[in-house]
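Heads up, the thing below is written out as structure tokens.
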Amino acid sequence: HAKKYGTNQIQQYASEMDFRWEQRLELENGIRKALERDEFELCYQPQYDITGTLVGAEALVRWHHPEMGMISPALFIPAAEESGLIKPLGEWVLREACRQNKLWQMSGLASIRISVNLSIKQFEQPDLADKVAAILRETGLAPQYLELEITETMAMDVDRATRTLHDLKSLGLYVSMDDFGTGYSSLSVLKQFPIDKLKIDQSFVRDLHKDEGSASIVATIVAMAHHLNLKVIAEGVETKEQYDFLREHQCDQIQGFYFSPPLSPAEFARIGKAVV
Ligand code: C2E
Ligand code: MG
Ligand code: MG
Ligand code: MG
């Protein structure tokens, strides 16, 4: 059922696990074994344009532990980062998302763009663009159906990040800036980075109708993005009020529980059926 892929239950598992896995090492060994045993899976959260047409999906990794059930990426991604296991894990996620999207295309589903989260360690790999190019070739997915999500933390070394982004963009794929507004990147970074889209962080969307500050931040990010020729998507849209506000302020795309939680591949295939 769709619900089990959602955030609430996962957070519950995560807090239960905090005390069971005090040892980072145990967690790292677990991740290593999970990679060998194929215990990771992807779920896909639909992304819609403002009129409600399906345009994309964000691939979100889940650890389906045989005894503990679903484990949140918020718990194991940091450990994977620290141990270096994020490289094989991130590569698996990228390959699996591309493979799945190509499979959906071949089975006649509406063409969508799949977006994949990159971690900082992945982003700093000197051969990242080559790796991505190889995965596109191997899976046969055309580059315009892939989007990579970076975060503001990757903008620390601006010149190096800009070069990496140009390498990636030259493959023909799309790049978005995730969790926008929560990091430290300056506005000049936005001007310099060859990116396509900003993802307004869900904390601003959540508080849209609770405080005026969040409402003006959201409206300002949308306007600024458009002035810079960037698209903008709001994440964490949970209510009709939030959706109405975003539509009134010309936000281009939305993603959130109001429309759909992250779905299993089978569930996603059902909602993606529209176009043949
Ligand atoms: P993110 O990239 O910002 O992903 C959005 C998160 O918000 C997802 O949590 C999603 O399930 C959740 N979400 C979506 N709609 C709503 C909503 O309406 N309300 C609320 N409250 N939450 C919503 P998830 O799947 O637990 O992922 C958490 C974070 O873990 C992601 O944040 C991302 O930073 C990271 N992550 C997930 N998959 C990967 C991956 O494959 N690689 C890397 N490096 N990081 C990943
Ligand atoms: Mg993301
Ligand atoms: Mg985000
Ligand atoms: Mg986030």
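So which of Pro66, Pro78 is open to solvent by 10 Å² or more (accessible area, probe 1.4 Å), within 16 Å of ligand 4 (Cβ to nearest atom) and modelled with pLDDT under 95? Being open to solvent by 10 Å² or more (accessible area, probe 1.4 Å), within 16 Å of ligand 4 (Cβ to nearest atom) and modelled with pLDDT under 95 holds for just one of Pro66, Pro78, which is Pro78. If you go through segment 111-149 and keep only what is in contact (Cβ under 8 Å) with a residue 60 or more places away in the chain, within 16 Å of ligand 3 (Cβ to nearest atom) and among the aliphatic types (A, V, I, L, M), you end up with just Ile114. Residues in segment 97-123 that are of a type outside the set (Val, Ile, Thr), within 15 Å of the chain's Cα centre (by Cα) and part of a loop (DSSP other than H, G, I, E, B): Leu118, Ser119. Does any residue of segment 174-184 turn out to be part of a helix (DSSP H, G or I), open to solvent by 30 Å² or more (accessible area, probe 1.4 Å), modelled with pLDDT under 95 and of a type outside the set (A, V, I, L, M, F, W, C)? No. Per the listing Leu94, Leu89, Leu141, Leu75, the residue uniquely assigned to a loop (DSSP other than H, G, I, E, B) and touching a helix residue (DSSP H, G or I) at 6+ places or on another chain (Cβ under 6 Å) is Leu141. Looking only at residues of segment 1-59 that are among the hydrophobic types (A, V, I, L, M, F, W, C) and open to solvent by 70 Å² or more (accessible area, probe 1.4 Å), we find that the one that is modelled with the lowest pLDDT is Phe19.
Ala110: surrounded by 18 or more Cβ atoms within 10 Å (Cβ to Cβ), under 24 Å from Leu198 (Cα atoms) and small (Gly, Ala, Ser), yes or no? No.
The values are calculated or read from the model by the stated rules, or taken from the named source; none is laboratory data. Owing to the predicted nature of the structure, the values given are computational and were not obtained by experimental measurement. Backbone-built Cβ (ideal geometry, glycine too); neighbour counts: all protein chains shown. Accessible surface is based on the protein model in full, side chains and every heavy atom, while ligands, DNA and RNA are left aside. Shrake-Rupley method; radii C 1.70, N 1.55, O 1.52, S 1.80 Å.
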